[in-house]
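> The structure's right below; bear with me while I get my questions together.
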């Protein structure tokens with residue numbers, strides 16, 4: 001099926017948000033714990049203009065309002081499957097279509113944002129949990145409707161640090177200072193036993209645990225959050241200093257923050273400097289997003305010929321991304337939000353890969 005273009009909502013879409021002041025910070029891994037292939041170095045100073053960001057990740061309740069208003073169907077719903085962590089699967093054996101790139105990730109028929117663990121699961125009691133099984137494409141569709149956008153990777157890290165320079169986590173250097181859990185991450189032996197000593201086996205409500213210095217909740221753990229940037233392990237080697245937007249093209253989009261499945265023995269990417277990425281159509285039970293509103297300023301945008309092997313020349317117009325008729329243009333960021341977005345047909349099971 002082809003996705004109907006999204007029309008921006010006529011009435012304001014209310015988000016709990018805070019304004020992050022402009023400032024300068026050192027971006028990257030200052031502790032030497034990062035994965036070389038992720039490109040967390042070199043350390044580099046970045047200047048960020050003021051912007052507003054969601055206090056919480058987008059919830060099931062908010063996404064449901066979007067779907068009710070637009071009739072939108074997500075990539076997982078269009079293709080009929082998504083990736084679910086094996087121990088969380090709730091459904092029929094016949095619904096297991098195969099295994100993704102790791103044995104604990106199962107491709108499950110019928111898994112989507114309404115059925116996060118499989119066909120027998122619901123979100124009835126999870127309306128204040130982050131929406132999951134969201135692809136980058138789905139997140140951008142929501143942004144078009146709500147007249148918002150995704151954060152750039154630099155905006156995300158600046159906000160996640162909460163004003164702390166060089167800290168490992170949004171709250172400081174220790175994962176659980178004085179034994180107090182600060183985030184929803186894996187507790188126990190991954191991937192076979194999660195003792196859930198932090199209180200949660202899968203997602204937690206978005207207002208769980210303490211906020212960081214800017215008042216933002218769960219900038220570490222719970223769900224991975226999509227960012228605007230294309231991913232490259234060499235981004236930091238050539239990054240501009242002021243409001244960087246990442247590479248002008250690529251195959252994967254940046255993800256930040258880690259999830260409830262992250263553990264020091266396998267994926268310690270719940271650190272504020274940690275980077276990950278997936279293809280724009282990837283969906284899984286630990287993928288979500290939060291949104292931002294940029295102050296009025298001009299970006300110079302580089303056109304991209306294809307977002308997901310579609311060959312189209314029109315599509316997303318947001319923040320640092322131009323997807324325009326193969327010509328170089330400049331747009332005011334405040335005017336960019338809310339213009340036409342077209343979701344392309346995605347049917348290849350290979351769309352899900354490199355899950356963490």
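> Using the basic label-point model (7 angstrom from Cα toward the beta carbon), what is the residue 22 to residue 101 distance in nanometres?
Between residue 22 and residue 101, the simple spin-label model gives 3.9 nm.
> I've got another one for you. With 10 angstrom as the radius, rank 198, 65 by how many other C-beta atoms surround their C-beta, starting from the fewest.
Ordered from fewest to most neighbouring Cβ atoms within 10 Å, 198, 65 come out as 65, 198.
> Hey, another quick one. Place a label point 7 angstrom from the Cα of residue 178 along the Cα-to-Cβ direction, then list the residues of the range 209-235 whose backbone nitrogen is under 16 Å away.
Answer for this model: 210-211.
> Right, next: With a point put 7 Å past each Cα toward its Cβ, work out how far residue 92 is from residue 37 in nm, to one decimal.
Between residue 92 and residue 37, the simple spin-label model gives 3.7 nm.
> Quick check: the distance between the Cα centres of the range 1-78 and the range 87-116, to the nearest angstrom?
The range 1-78 and the range 87-116 have Cα centres separated by 26 Å.
> Using the 10 angstrom Cβ neighbour count as an exposure proxy, how do 48, 123 rank, fewest first?
123, 48
> Based only on other Cβ atoms within 10 Å, what is the fewest-to-most ordering of 9, 267?
The most exposed by this proxy come first: 9, 267.
> Which order do peptides 247-257, 72-82 fall in by mean Cβ count within 10 Å, highest first?
So the order, starting with the most tightly packed, is 72-82, 247-257.
Only the coordinates and a few stated rules stand behind these numbers; no lab work does. Here the structure is a predicted model, which means the values were calculated and not measured. Here Cβ is always computed from backbone atoms with ideal geometry, including for glycine, and neighbour counts include all displayed protein chains.
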